[in-house]
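Take a look at the structure below.
The values are calculated or read from the model by the stated rules, or taken from the named source; none is laboratory data. Being a predicted model, the structure only gives us computed values, none of them experimental. Cβ: placed from backbone, ideal geometry, glycine included. Neighbour counts: every protein chain shown.
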C-alpha cells in the first residue's frame with residue numbers, strides 16, 4: 001500500500017463529496033451500526049467502491065463510509081473495519097486510517113466490542129481506553145517507512161489522548177451513566193481467548209480484550225492524529241463465568257451498549273467536532 005494509493009482513494013472521495021470535510025472521524029466496531037444509520041445528510045461510500053479499500057467479511061461490519069452530521073456537527077463514520085484475522089496484510093489495516101488523514105481528519109475516535117476482565121464492567125457497559133497491550137503483535141508500520149506518512153519510530157507513551165478521554169468522561173457524567181476506564185488488550189483471534197490467557201492478561205493489568213483497534217491507533221499516531229477510544233463491553237472474558245463465548249452474544253450486548261455509546265458520541269461530537 002503506497003502513499004499514492006492512499007491519496008488516490010482520498011481524491012476519489014473528494015470528487016464525490018463537495019461539502020466541507022469533517023475534522024473528526026469515528027470507526028465503529030461490531031454491533032454499532034445504529035449510530036452510523038443516524039448520521040444526517042449522509043453521503044455513503046461503500047468500501048468495495050473505493051479504490052484500494054479493504055472490505056470487511058465479518059457479520060456486523062457493514063463496510064461503508066458515511067460523511068454527514070451528528071446533531072449539526074460534521075463527522076465521518078466508518079461503519080465497520082477489517083481485522084488481521086480475516087487474512088488482511090498488516091499494511092491494509094492502516095489503509096482506512098490513512099485515507100481519513102488524507103481527507104483532513106485530525107481527531108479519530110476508535111470503538112470496538114470487547115470482553116471484560118473487570119467484574120465491575122458488566123456486559124452492556126462502556127470503557128474508555130487509557131492504554132493498550134499489543135498481544136497480537138500486529139503492526140501496520142512494519143516494512144519500509146514512508147516519511148510522508150510519519151517518522152520511522154513513533155512514540156506511543158501518550159497515544160490515547162488524555163484531553164479527549166477526559167472530554168468523554170465529562171460527556172458521560174452529563175448524560176448520567178458510568179464510563180469505565182482501562183487498558184485494552186488486542187489478541188489476534190479469530191478464536192476467543194482461553195481462561196489461562198485471560199488470567200495472564202489480568203495479571204498484566206488488562207481490563208478488556210478484543211481483536212482490533214490497536215493497528216488503527218498505531219497508524220493514526222504515526223500520522224500525528226489525536227486518538228481516543230471506547231470499548232463496548234459485550235461479555236465477561238473466558239473463564240470468568242464458565243459460559244461459552246459466541247459472536248451472537250457480542251452482537252446482542254453490543255446493541256445494548258450502543259444505546260449509551262450513541263448518546264456519548266453525539267455529545268462528544270458536539271464538544272469536539
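Figures for the structure shown
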read-out	value
Hits in the range 3-42 (condition: modelled with pLDDT under 95, in contact with a helix residue (DSSP H, G or I) (Cβ under 9 Å, 6 or more places away or on another chain) and not in a helix (DSSP H, G or I))	28, 29, 30, 31, 32, 38, 42
Residue 94 vs. criteria outside any strand (DSSP E or B) and within 18 Å of residue 42 (Cα to Cα)	no
Failed condition for residue 197, given (1) closer than 23 Å to residue 29 by Cβ; (2) within 20 Å of the chain's Cα centre (by Cα)	(2)
Test: residue in the range 103-125 that is on the phi > 0 side of the Ramachandran plot, in contact with a strand residue (DSSP E or B) (Cβ under 8 Å, 6 or more places away or on another chain) and modelled with pLDDT of 90 or more	yes
Top-ranked residue of the range 155-195 - restricted to ones that are in contact with a helix residue (DSSP H, G or I) (Cβ under 9 Å, 6 or more places away or on another chain) and part of a strand (DSSP E or B), ranked as surrounded by the fewest Cβ atoms within 10 Å (Cβ to Cβ)	181
The range 42-75: number of residues that are under 29 Å from residue 137 (Cβ atoms) and either in contact with a strand residue (DSSP E or B) (Cβ under 7 Å, 6 or more places away or on another chain) or touching a residue at least 24 places away in the same chain (Cβ under 8 Å) (or both)	15
Conditions (1) buried (at least 19 other Cβ atoms within 10 Å of the Cβ); (2) assigned to a loop (DSSP other than H, G, I, E, B); number of the one not met by residue 120	(1)
Test: residue in the range 124-131 that is in a helix (DSSP H, G or I), closer than 30 Å to residue 17 by Cβ and in contact with a helix residue (DSSP H, G or I) (Cβ under 9 Å, 6 or more places away or on another chain)	no
Subset of the range 99-115 that is part of a helix (DSSP H, G or I) and surrounded by fewer than 24 Cβ atoms within 10 Å (Cβ to Cβ) - its residue that is nearest to the chain's Cα centre (by Cα)	101
Residue satisfying all of: in the range 53-71; more than 21 Å from residue 5 (Cβ to Cβ) and at pLDDT 90 or above; surrounded by the fewest Cβ atoms within 10 Å (Cβ to Cβ) among these	69
Test: residue 153 is under 14 Å from residue 218 (Cβ atoms) and without any contact (Cβ under 8 Å) to a residue 24 or more places away in the chain	yes
Answer from 239, 224 - the residue that is under 16 Å from residue 118 (Cβ atoms), surrounded by fewer than 21 Cβ atoms within 10 Å (Cβ to Cβ) and over 15 Å from the mean Cα position of the chain (by Cα)	239
Yes/no for residue 206 being more than 15 Å from the chain's Cα centre (by Cα), closer than 23 Å to residue 166 by Cβ and not in a helix (DSSP H, G or I)	yes
